[in-house]
Each structure stands twice: as C-alpha cells, then as structure tokens.
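Beneath this line is the structure, given in structure tokens, with notes to follow.
The values are calculated or read from the model by the stated rules, or taken from the named source; none is laboratory data. On a predicted model such as this, the values are computed, not experimentally measured, just so you know. Quick reminder, even Gly has a Cβ in these numbers, built from the backbone with ideal geometry, and neighbours come from all protein chains shown.
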Amino acid sequence: MASLNEIDKWQRDALLRSPLFTPLHPVVTKLGENFPALPELNQLLSSAQSMITVKSGHALRFVPQETGKLAFESQYEPRCYLSGEVQSRADNWHDLLNALVWLTFPKAKAAINTRHYQALLLGHKATVGSQRGAVRDTNTLMDESGVIVACADPKLAQALRDFQWRELFWSRRAEVKEYMGFYLFGHGLYEKALQPYIGLTGQGIILDVDAEFFAWPQAQQLAHMDERLAAYWSDQRNCLNTRELSPVPLLGVPGWCAENEVASFYDDTRYFRPGRRSAA
C-alpha cells in the first residue's frame with residue numbers, strides 16, 4: 001500500500017492522490033508548495049464563505065501553542081471554546097491536520113469542543129483529580145480517530161456494526177461502493193494515514209442518508225455530514241459511551257488499497273477481527 005515518502009516534508013500532490021484524504025482535498029488544493037504556517041491557515045479562515053466560529057460565538061483562529069502549567073482558561077479545549085483560539089505547533093503534522101479538519105468540518109469540530117469544555121468545566125468546579133470520563137473519552141476517540149460513515153442501506157450499516165467484514169467489503173462490494181461513503185474525520189487518524197499500514201482502523205459514527213446523497217457534489221456532501229455530525233454531537237443524549245462508535249478497518253474499504261482487490265485479503269483476522277459479539 002502506498003505511503004507518503006519523507007513524512008516530515010509537505011507533499012500537497014501526494015495528499016491529493018490519496019483516497020483516504022479525499023475530505024480534505026478541497027482545502028489542500030488551496031495550500032502552497034511549502035509546509036503550511038499559521039498565517040496561511042488563518043488566511044483560509046478569512047477567505048471562507050462564512051465565518052467559522054466556536055459555540056461561544058468567537059471567530060476561530062490558529063495561534064502558537066503555549067507551554068508550561070496553564071490556568072484552566074488557557075488550556076487547549078477551554079481556550080478554544082472561550083476565545084476561539086486553537087493552539088497549534090509550527091511544522092507539526094498532527095496540528096496541521098487538526099486545522100484542516102476544522103476548515104472542512106467546522107460545525108462538528110465546534111460541537112466536540114463544546115462537549116469537551118462542558119465536561120472539563122464540571123471537573124474543574126468539582127476539583128476532582130481526573131477531568132476525563134466517558135463523555136470525554138468518546139469525544140477524544142471521535143476527534144482523534146473518527147470516521148463518518150454515510151449509509152443509505154440499513155443492512156450494510158448492520159454488517160459494519162456486526163463486524164461482518166468479508167460479507168460487507170467483498171460479497172457486497174458493489175453495494176458498498178454505491179450506498180456507503182467513508183469520510184475520515186479524526187486528525188490523529190489522518191496522521192496515521194500518511195503511512196497506511198495493516199491495522200489502520202478508525203472509529204465510525206454511522207449516519208443514515210438517502211441514496212441520492214452519493215450523487216451530490218463533494219462540497220454538498222461534506223457540508224451535510226458536518227451539519228449531521230454537529231447535531232448528533234450537540235445532543236446531550238449522545239456521545240456518552242465509546243461503544244456508540246463502530247471500528248472501521250480502513251484498508252478494507254473498496255478502492256482504498258490495491259491489496260483488497262482479492263478476497264483473501266479479508267481472511268486476516270488479526271486485522272478484520274470477529275468483533276465484540278464473538279469476544280462476549
């Protein structure tokens with residue numbers, strides 16, 4: 001499977017050739033030939049069709065990361081929520097990809113930031129030792145490793161939930177191509193996708209769509225997924241348990257690597273694991 005060579009260097013054209021990076025392609029095409037710096041990313045924010053804001057109403061901005069012990073309001077998630085400032089390290093793939101996801105799925109990212117902030121604020125006020133819990137664990141899993149799965153066929157969605165990988169990706173391959181779409185969301189997952197490997201797995205949130213969704217232009221698809229994920233994440237009844245997310249072995253998605261063009265690829269149970277039901 002293809003990898004991006006010299007991972008420490010910026011390679012716009014290589015990103016544009018990778019099917020795993022398809023959701024980011026509209027933003028990547030606007031970037032220059034050198035590793036994007038904060039002024040270039042903030043220029044993209046300024047040129048967006050509508051202002052990108054966090055839930056508190058502040059306009060989003062990418063700013064240099066602070067170091068050392070920080071007051072609560074200056075920590076990453078609170079600062080993002082309270083001021084719109086996303087702390088980012090220079091020449092850092094992880095933080096760059098985080099910025100590109102903000103530019104691609106701004107409403108969903110703002111919703112996740114809000115849930116992080118609310119959970120942290122409760123912990124801060126309670127002066128408890130740990131500020132993490134099930135909500136933050138679920139938020140973090142989606143933010144770092146999330147995949148949006150758009151699906152117009154409930155049977156395909158159930159096959160994914162049930163870990164029926166060979167049935168889904170091989171036996172029903174044509175239906176997957178027609179009625180399912182996989183959109184990487186987590187910036188940590190994008191970082192791993194720079195050098196794809198057997199074992200590369202995302203955590204999927206399955207959103208039902210009409211079949212006509214797959215005929216829409218990419219910009220319309222991305223905007224719709226952004227709205228849908230933001231609405232799901234803003235509902236306090238959701239995002240309470242990591243089991244709301246379903247594992248997605250990404251290299252099994254048809255067309256995402258040359259090796260999956262043969263049925264035997266899906267026989268590797270170390271990658272295509274039998275799942276929770278068998279474990280239980």
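Below, the figures for the structure above:
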item: Hits in region 33-49 - residues which are surrounded by fewer than 15 Cβ atoms within 10 Å (Cβ to Cβ), of a type in the set (S, T, N, Q) and not in a loop (DSSP other than H, G, I, E, B); result: 43, 46, 47
item: Some residue of region 193-203 being part of a helix (DSSP H, G or I) and either assigned by TED's automatic domain parsing to the domain that holds residue 145 or within 17 Å of the chain's Cα centre (by Cα) (or both); result: yes
item: Boolean, residue 67 is closer than 29 Å to residue 181 by Cα, among the hydroxyl-bearing types (Ser, Thr, Tyr) and not assigned by TED's automatic domain parsing to the domain that holds residue 183; result: no
item: Hey, residue 48 at pLDDT below 95, closer than 19 Å to residue 183 by Cα and touching a Leu at 6+ places or on another chain (Cβ under 8 Å) or not; result: no
item: First in region 269-280 and farther than 16 Å from residue 167 by Cβ and in the same structural domain as residue 246 (by TED's automatic domain parsing), second anywhere and exposed (fewer than 10 other Cβ atoms within 10 Å of the Cβ) and modelled with pLDDT of 80 or more, Cβ under 6 Å, 6 or more apart; result: none
item: Filtered residue count, region 48-71, keeping only those that are free of Cβ contacts under 8 Å to residues at least 24 places away in the same chain, of a type outside the set (A, V, I, L, M, F, W, C) and closer than 17 Å to residue 107 by Cα; result: 3
item: Single residue of 152, 174 found to be modelled with pLDDT of 95 or more and within 18 Å of residue 19 (Cβ to Cβ); result: 174
item: Filtered residues of region 199-229 (kept if farther than 25 Å from residue 50 by Cβ, loosely packed, with under 15 Cβ neighbours inside 10 Å and touching a residue at least 60 places away in the same chain (Cβ under 8 Å)); result: 199
item: Residue within region 50-66 that is touching a His at 6+ places or on another chain (Cβ under 6 Å) and either surrounded by 15 or more Cβ atoms within 10 Å (Cβ to Cβ) or within 25 Å of residue 115 (Cβ to Cβ) (or both) present; result: no
item: Residue 108 vs. criteria in contact with an Asp or Glu (Cβ under 6 Å, 6 or more places away or on another chain) and not polar (S, T, N, Q); result: yes
item: Filter result (over 17 Å from the mean Cα position of the chain (by Cα) and not in a helix (DSSP H, G or I)) within region 239-252; result: 240, 241
